[in-house]
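Engineer: Next up is a structure, given as structure tokens.
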Amino acid sequence: MAKLTLNSVGKSFDGTPALADITAEIADGEFVALLGPSGCGKSTLLRLLAGFEHPSTGQIHIGPQEVANADTGHMQPPEARNIGFVFQSYALWPHMNVRRNIGYPLEVRGVPRAERSRRIDAALEATALGPYADRMPSDLSGGQRQRVALARCLVTDPTAVLLDEPLANLDVALRASMQAVFSDFHHRTGATMVYVTHDQAEAMAMADRIAVMEAGRIVQFDTPERLYARPQNRFVAGFIGEGSVVPVSDPKPTEDGAEVTLLDRRIRVKSDCAAPTLSCLRPENITLGEAGALRARVERCTYLGGQYRLGLRTTDGAELMARSPARHAPGEQLGLTLSTPWAFAET
């Protein structure tokens with residue numbers, strides 16, 4: 001395995017930029033998710049790492065080896081990078097059984113039959129596909145086909161594994177079980193993995209770190225916990241988790257953050273800057289109760305199973321989100337108490 005390094009990487013198509021100034025390092029053995037809305041450039045970045053596209057600017061290294069350089073025109077082809085790629089569409093050969101699908105890349109490389117059989121057996125065991133080795137793809141479920149694609153990737157002992165929205169075609173229950181398969185695969189092999197998704201629940205459940213992308217740029221590259229608890233800009237605060245971004249004013253620095261005016265009330269916030277301008281109010285920062293100093297009207301009430309999600313609107317017009325063990329009817333007035341939300345400076 002090896003670390004992946006991108007230095008000022010950009011990509012344009014017919015003069016239109018798809019990626020701009022991507023500088024990042026993915027550690028050896030790390031599981032990284034590229035997360036963002038459709039069209040933000042995450043799949044383009046994955047294709048650059050795989051060698052399917054040439055960068056318009058910047059350099060890419062796999063371990064110590066330079067595999068792409070826009071300045072010199074150097075471009076190592078995909079087959080020379082030893083990168084495993086798992087596609088959204090599985091890309092299985094319908095006329096080959098599971099064993100042959102998994103071993104075909106080794107056939108192409110001329111690996112001797114005995115070694116090929118040993119590596120296929122190991123890949124079948126690692127993905128729990130042994131009982132299905134002689135089945136055809138048409139006789140498999142969606143999750144089993146996805147595991148065949150993963151095993152085919154594993155059998156080549158790749159330097160890194162790239163996955164392009166591999167669970168997008170599966171139902172909700174199957175996606176959850178396949179998340180466990182990918183996580184187990186990562187823990188067992190120690191592979192460097194880069195996983196593209198627009199589903200934040202997938203990214204938060206599996207990744208060591210998440211690169212949140214917007215309009216062709218990485219806007220924050222951090223652990224799931226820090227992205228949720230300490231977003232660094234408005235986009236990440238609104239895109240990750242639930243909650244609201246609300247302006248703050250008149251900050252006064254404190255030991256661990258600041259005292260600010262938030263919704264016309266003085267409140268302490270956590271922050272890593274002396275003069276925050278926005279706060280991220282998560283449901284856990286809001287306590288409901290008639291004694292609350294802040295008043296809000298219930299706009300929506302959605303049952304989540306065991307609790308309710310409340311969409312609230314304050315008398316100032318701010319939209320907030322809270323959770324409650326009891327149902328509240330739209331139009332009902334509630335008291336709110338706010339507790340030390342995270343705040344950051346607009347960039």
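Engineer: Answer yes or no as to whether residue 14 is surrounded by fewer than 18 Cβ atoms within 10 Å (Cβ to Cβ) and either more than 22 Å from residue 71 (Cβ to Cβ) or touching a Phe, Trp or Tyr at 6+ places or on another chain (Cβ under 8 Å) (or both).
Structural biologist: Taking the combined requirement at face value, the residue does not satisfy it.
Engineer: Check whether at least one residue in the range 174-190 is under 23 Å from residue 241 (Cβ atoms), among the aromatic types (Phe, Trp, Tyr), in a helix (DSSP H, G or I) and touching a helix residue (DSSP H, G or I) at 6+ places or on another chain (Cβ under 7 Å), and report yes or no.
Structural biologist: Yes: one or more hits.
Engineer: Continuing with this model, one more query. Looking at (1) at pLDDT below 80; (2) crowded, with 17+ Cβ neighbours inside 10 Å; (3) farther than 22 Å from residue 38 by Cα, can you tell me which one residue 173 breaks?
Structural biologist: (2)
Engineer: Separate question: Which residues, counting only those in the range 10-44, are assigned to a strand (DSSP E or B), touching a helix residue (DSSP H, G or I) at 6+ places or on another chain (Cβ under 7 Å) and among the small types (Gly, Ala, Ser)?
Structural biologist: The answer is 18, 33.
Engineer: Those residues that are surrounded by 21 or more Cβ atoms within 10 Å (Cβ to Cβ) and either modelled with pLDDT under 95 or farther than 20 Å from residue 86 by Cα (or both), I need them from the range 47-56; list them, please.
Structural biologist: Listed by number, the list holds a single entry, 55.
Engineer: Could you list, in sequence order, all residues of the range 192-210 that are assigned to a strand (DSSP E or B) and not charged (D, E, K, R)?
Structural biologist: 192, 193, 194, 195, 196, 197, 210
Engineer: Scan (1) outside any loop (DSSP other than H, G, I, E, B); (2) modelled with pLDDT under 90; (3) over 25 Å from residue 78 (Cβ atoms) for the single condition residue 123 breaks and write down its number.
Structural biologist: Of everything listed in (1) outside any loop (DSSP other than H, G, I, E, B); (2) modelled with pLDDT under 90; (3) over 25 Å from residue 78 (Cβ atoms), residue 123 misses just condition (3).
Engineer: Please work out which residue is modelled with the lowest pLDDT, limiting yourself to the range 76-96 and to residues that are touching a Phe, Trp or Tyr at 6+ places or on another chain (Cβ under 9 Å) and more than 15 Å from residue 156 (Cβ to Cβ).
Structural biologist: 93
Engineer: Would you check which residues across the range 57-94 are exposed (fewer than 12 other Cβ atoms within 10 Å of the Cβ), in contact (Cβ under 8 Å) with a residue 24 or more places away in the chain and more than 25 Å from residue 27 (Cα to Cα) and list them?
Structural biologist: Of everything in the range 57-94, just one residue is exposed (fewer than 12 other Cβ atoms within 10 Å of the Cβ), in contact (Cβ under 8 Å) with a residue 24 or more places away in the chain and more than 25 Å from residue 27 (Cα to Cα), namely 94.
Engineer: Also, I was wondering about something else. Residue under question is residue 237, and the condition is that it be part of a helix (DSSP H, G or I) and either within 12 Å of the chain's Cα centre (by Cα) or under 21 Å from residue 87 (Cα atoms) (or both); does it hold?
Structural biologist: Answer is no for this residue.
Engineer: For the range 1-46, which residues satisfy the criterion of being in contact (Cβ under 8 Å) with a residue 24 or more places away in the chain, charged (D, E, K, R) and on the phi < 0 side of the Ramachandran plot?
Structural biologist: Answer for the range 1-46, where residues must be in contact (Cβ under 8 Å) with a residue 24 or more places away in the chain, charged (D, E, K, R) and on the phi < 0 side of the Ramachandran plot: 3, 11, 28, 30, 42.
The values are calculated or read from the model by the stated rules, or taken from the named source; none is laboratory data. Predicted, not measured: the structure shown is a model, and the values here were computed from it. Don't worry about glycine lacking a Cβ; one is built from the backbone with ideal geometry, like all the others, and counts go over all protein chains shown.
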